[in-house]
Every structure is written in structure tokens, then in C-alpha cells.
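Below is one structure; the comments refer to it alone.
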Amino acid sequence: MKINKLILVPTGTTAFRIVLSILFLDLLINNMKIVAILVFLLAVITDAFDGYFARKLGVSSDYGAYFDITADFILVLVAFLTFIIIGIYPYWLLLLIILVFLQFILTSKLKVLVYDPVGKYYGAFLFAVILVTLISPPIFYGFLLIATLLFTILSLISRYLFFIFRKTVEK
């Protein structure tokens, strides 16, 4: 089986996002907030470009799509873990975010895709929460926590309902 070397461009871009996630954690824990913000923004840019490169080079694949989603999840996981370590958010918020990712993975392996209009925007929402957390004063953290909690619960319910609805339509 011959591997198309062009696939290394989007795959490498996605892998770079994972490296940036770890760098982000180190920078933020070491109080290098400005550089951490720049690293986070670079990571978000790589999220935009890996899919673009895959489509432009004709190397899109299910593997690449799942790798992209996994890299997004790692970035979100590391960011919220860092926020927990430095005392911004409670640990249970991270558990809810992990639950959404697991629900997505479990329902994505089905033969018929589960379209979830809320979940479609969940990752972008979390990226926005991370950025706003980084640039806003602590007075906004409570609002961001509540917004994240509500959107996470809404995403869990939405995907579950669309999963149930899909099952009902199949019968």
C-alpha cells in the first residue's frame, strides 16, 4: 500500500496543534500569558488550515477528520486542565467536556451519521471560551463557567435527542 506523501501536510499541521497544546499549558502555568495567547491563536489557525490543506491536496480521509477532532479535543482538554490547575474553573467542567467528546465518538461510529446542530458549533464555542478566559478579567469567569455548563448540557441533550430521533426514523 503506497501512502500519498501529500497527506503529511494536513496531518503534520494537525500534529503541530497537539504540540502547541502542550506548549500552551507550560506557558500559562509559568505565567507567560501573552505568549500563551499567541500560541493558542496559532493552534486555532492550524485547525483552520489542516482541513483546507487536506481538501486542496485531495487527501481528505475519515482518519484525518478523526485526527483533527482529536487534536481539537486535546487542545480544549489541555486548556481547561490548565485553567483548573491555576484555579479558574472547577474540575467537573472538564469531566463534562470529556463526556461530550466520548458521546461524539460513540455516536460517530454508527453506520448512519447523527447530525447534531448544537454539537457542530461546540468546539468553536469552547475555543471562544478559552480565548475569552485568557483575555478577560476574572470577574467574567463565573459567566463563562455558566455559559460553558449550559452549552455543554445542551450539546449532550441535542446529540442524544438526534440519536434517538434517528433510531425512531430507521424503524
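The values are calculated or read from the model by the stated rules, or taken from the named source; none is laboratory data. Quick caveat: nothing in here was measured; it's all calculated off a predicted structure. Counting neighbours? That spans all protein chains shown, and the Cβs are built from the backbone with ideal geometry, glycine included. Note: accessible area is taken over every heavy atom of the protein model, side chains too, but ligands, DNA and RNA are not part of it. Shrake-Rupley method; radii C 1.70, N 1.55, O 1.52, S 1.80 Å.
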- Task: Could you point to the residue in 93, 42, 158 farthest towards the positive end of the chain's charge dipole, with +1 and -1 charges on the Cβ of Lys/Arg and Asp/Glu respectively?
- Result: 158
- Among 123, 19, 135, whose Cα lies farthest out toward the positive end of the dipole of the chain, if unit charges sit on the beta carbon of Lys, Arg (+1) and Asp, Glu (-1)? 123
- Query: How many percent of the accessible area of the chain is carbon or sulfur, using a 1.4 Å probe?
  - Reply: 76 percent
- Top positive-direction residue, dipole computed over segment 17-114 with Cβ charges, set 29, 83, 67: 67
- Message: About the Cα centre, and with charges only on the beta carbon of Lys, Arg (+1) and Asp, Glu (-1), how big is the dipole of the chain? Nearest 20 debye, please.
- Response: 520 debye
- Item | Environment charge at residue 79 (Cβ cut-off 15 Å; Lys +1, Arg +1, Asp -1, Glu -1) | -1
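From the helices alone, meaning DSSP H stretches of at least four residues, give me the mean residue ellipticity at 222 nm for the chain, per-run term -39500 (n - 2.57), in deg cm²/dmol to the nearest 500. Could the numbers behind the result be given before it?
Details: 6 runs with 133 residues, N = 171.
About -27000 deg cm²/dmol.
Once fully extended, how much extra length lies between residue 38 and residue 153, figured as 0.36 nm per residue of separation less the alpha-carbon to alpha-carbon distance?
Values: separation 115, 0.36 × 115 = 41.40 nm, distance 2.97 nm.
Length gained, residue 38 through residue 153: 38.4 nm.
When only the heavy atoms of the protein chains count and the probe is 1.4 Å, how do 164, 74, 157 rank by accessible area, highest first? Let's see the in-between values first.
Details: 164 65, 74 45, 157 90 Å².
Accessible-area ranking of 164, 74, 157, largest first: 157, 164, 74.
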- Message: Could you check the spin-label model distance between residue 60 and residue 92? Points 7 Å from the Cα along Cα→Cβ, value in nm.
- Response: 4.0 nm
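Sequence gap at least 6, Cα distance under 8 Å: using those rules, report the relative contact order of the chain to the nearest whole percent.
Numbers: 143 pairs, mean separation 38.4, N = 171.
RCO, the chain: 22 percent.
Relative contact order, percent, of segment 11-76 when contacts are C-alpha pairs under 8 Å separated by at least 6 residues?
46 percent
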- Note on the structure: PRE zone check, label point 7 Å out along Cα-to-Cβ of residue 9, amide N under 19 Å, scope segment 38-58, hits 45-58
- Take the chain, drop everything but the C-alpha atoms, weight them equally and run the Debye formula without solvent; then report log10 I(q)/I(0) at 0.09, 0.11, 0.20 Å⁻¹ to two decimals. -0.34, -0.51, -1.32
